[in-house]
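S.K.: Below is the structure I would like to discuss, written out as structure tokens.
The values are calculated or read from the model by the stated rules, or taken from the named source; none is laboratory data. All values reported here derive from a predicted model rather than from experimental measurement. Here the Cβ positions follow ideal geometry from the backbone for every residue, glycine too, while neighbour counts run over all protein chains shown. Areas reflect the complete protein model, heavy atoms only, side chains present, ligands, DNA and RNA absent. Shrake-Rupley method; radii C 1.70, N 1.55, O 1.52, S 1.80 Å.
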Amino acid sequence: SAHNKERGDEVNIQEILLLTISGTAVLMDFLWERVSNALILLSLTSGFVFWTLSHGSAGILYFLPGFLLPIFCFLPLFHFRMIGGGDVKLLSVLGGILGYPKVLGLLLFSFLTGGILSIAFLISTGSLKERISYFFNYFYEYSKTGIEKNYRKKGMEAENFHFTVPIFTGIILFIGGYY
């Protein structure tokens, strides 16, 4: 993008990493309903190498907060199986490559676009009221029984939203200069 040309090759490498990782994750999610740990490990290594090569040992100060913030933010959602572990790991490695505070933009735009896409999908299928009821009943039952069960259903169910899509959208918005 035009605004990124001023920032040099470092950003171009960063953008290539972000697009390649998030795009591959979307494909994996649609084909296999999971993001492989091999991609996560390769991405984690790539992000760490990117920051240490571009900023020396101080690169860890850019990488680590961006990597850890998504884990801390989304651990409760993962605990109740409202978000997949692959999505949390993907957000973490992309956050590591973006660094702090840019990871905040990724989290914000991913959840914003995810919410918009989810609501549009639920309205178009006529199941918005049913899913809202399911959400409140889930927490009501948990508060009464204390028994944790998976929020999401296994398999290619309509309500199993591929969150890698809004994550990818968040990356596109970063490259487009929106944050």
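S.K.: Just to make sure I understand: if all protein chains stay in place, what is the order of Phe63, Phe109 by accessible area at 1.4 Å, largest first?
M.R.: Heavy-atom accessible area, descending, gives Phe109, Phe63.
S.K.: Now a separate question. What is the sum of charges, Lys and Arg at +1 and Asp and Glu at -1, for the other residues whose Cβ falls under 12 Å from the Cβ of Ile71? Each step should come with its number before you reach the end.
M.R.: Numbers: positive: Lys89; negative: Asp87.
Net charge around Ile71: 0.
S.K.: Return the carbon/sulfur percentage of the accessible area of the stretch 21-94, one whole number, probe 1.4 Å, all protein chains in place. List each step's numbers first, then the result.
M.R.: On the way: 2820 of 3720 Å².
Accessible surface attributable to carbon and sulfur in the stretch 21-94 totals 76 percent.
S.K.: Okay, next question. Please determine, in degrees from 0 to 90 and to the nearest 10, the orientation of helix 102-125 with respect to the longest principal axis defined by the Cα atoms of the chain, where the helix direction is its Cα long axis.
M.R.: Helix 102-125 and the main axis of the chain meet at about 30 degrees.
S.K.: What is the dipole size for the stretch 1-111, taken about its Cα centre, with +1 at each Lys and Arg Cβ and -1 at each Asp and Glu Cβ, in debye to the nearest 20? All intermediate terms of the calculation are to be shown ahead of the outcome.
M.R.: Numbers: 6 positive and 7 negative charges, 39 e Å.
So the dipole magnitude of the stretch 1-111 works out to roughly 180 debye.
S.K.: Another question, then. Might you work out the accessible area of Ile119 for me, using a 1.4 Å probe with all protein chains in place, and round it to the nearest 10 Å²?
M.R.: 90
S.K.: Report which label in (1) 35, 19, 17; (2) 30, 26, 19; (3) 32, 18, 14 holds the value of semi-axes √(5λ) of the Cα gyration tensor in Å derived from the coordinates of this structure.
M.R.: Computing semi-axes √(5λ) of the Cα gyration tensor in Å and matching it to (1) 35, 19, 17; (2) 30, 26, 19; (3) 32, 18, 14 gives (3).
S.K.: Sticking with this structure for a sec: Can you find, among Phe136, Leu107, Pro76, the residue farthest towards the positive end of the dipole of the chain? Put +1 on the C-beta of Lys and Arg, -1 on that of Asp and Glu.
M.R.: Phe136
S.K.: If I ignore ligands, DNA and RNA and count only protein heavy atoms, how much of His79 is accessible to a 1.4 Å probe, in Å² to the nearest 10?
M.R.: 90
S.K.: Still on this structure: Order Tyr138, Tyr179 by their accessible area, 1.4 angstrom probe, all chains in place, largest first.
M.R.: Details: Tyr138 15, Tyr179 50 Å².
Putting Tyr138, Tyr179 in descending order of accessible area: Tyr179, Tyr138.
S.K.: Still on this structure: With every protein chain kept in place and ligands, DNA and RNA left out, what is the accessible area per residue of the chain? Probe 1.4 Å, answer in Å².
M.R.: On the way: 10150 Å² over 179 residues.
For the chain, the per-residue accessible area is 57 Å².
S.K.: Further, regarding this structure: Assign unit charges at the C-beta atoms only (+1 for Lys and Arg, -1 for Asp and Glu), then state the dipole size of the stretch 74-149 relative to its Cα centre in Debye, rounded to the nearest 20. Write out the running numbers ahead of the final one.
M.R.: Numbers: 7 positive and 4 negative charges, 5 e Å.
For this selection, approximately 20 debye.
S.K.: Quick one: angle between helix 37-55 and the longest Cα principal axis of the chain, in degrees between 0 and 90, rounded to 10, please.
M.R.: 40
S.K.: Note the angle between two axes, namely the Cα long axis of helix 9-32 and the longest principal axis of the Cα atoms of the chain, as a number of degrees from 0 to 90, rounded to the nearest 10.
M.R.: 30
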